[in-house]
């Protein structure tokens with residue numbers, strides 16, 4: 001196998017408009033494409049991440065809730081690398097996003113923190 005990198009992460013949201021605003025306005029991700037799929041009663045929003053990977057944000061009628069947080073099977077959390085952990089924390093907090101206290105990874109010595117998207121999906125900021 002010869003993998004070239006991560007292409008995308010797909011997220012199903014309970015409230016498409018709220019999550020679209022969070023990922024574009026709070027996190028500042030750029031919209032690549034937005035598609036309304038009438039036959040599925042669904043939207044698909046492609047968002048660009050630095051380095052070329054993407055987040056695909058989906059809406060579906062009545063998606064099941066996440067069973068537990070964060071230790072459910074499946075995706076545990078998203079993690080974004082940052083060169084300015086403190087600046088990003090301040091930016092999130094100024095936009096009303098609750099951010100956990102900064103911790104230090106005992107294996108790498110790097111600082112990190114968590115916050116959540118509108119559907120309570122944990123998102124980590126990790127000091128690069």
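Based on DSSP, what percent of beta bridges with both residues in region 76-128 are antiparallel, to the nearest 5?
Within region 76-128, antiparallel bridges account for around 60 percent of the total.
Each of residue 111 and residue 81 was given a label point 7 Å from its Cα along the Cα-to-Cβ line. The distance between the two points is 1.9 nm. Entry note, the chain: the mean residue ellipticity at 222 nm calculated from DSSP H runs of n ≥ 4, each adding -39500 (n - 2.57), is -3500 deg cm²/dmol after division by the residues and rounding to the nearest 500.
Just the number, please: percent antiparallel of the DSSP beta bridges in the chain, rounded to the nearest 5.
Numbers: 19 of 30 bridges.
Rounded to the nearest five, the antiparallel share is 65 percent.
Computed log10 I(q)/I(0) for the chain at 0.13, 0.22, 0.23 Å⁻¹: -0.59, -1.49, -1.55, from the Debye equation with unit scatterers placed on every C-alpha and solvent omitted. Both radii are taken from the alpha-carbon atoms of region 76-128; with Rh as the Kirkwood radius, Rg/Rh is 0.95.
Of the DSSP beta bridges with both residues in region 1-62, give the percent that are antiparallel, rounding to the nearest 5.
The antiparallel proportion sits near 65 percent.
Two numbers describe the Cα atoms of region 1-62: Rg and Dmax, which are 12.5, 38 Å.
FYI, it's all coordinate maths here, none of it is from the lab. Quick caveat, the model's predicted, so the values are computed rather than measured. Cβ sites come from the backbone with ideal geometry, for glycine too, and all protein chains shown count toward neighbours.
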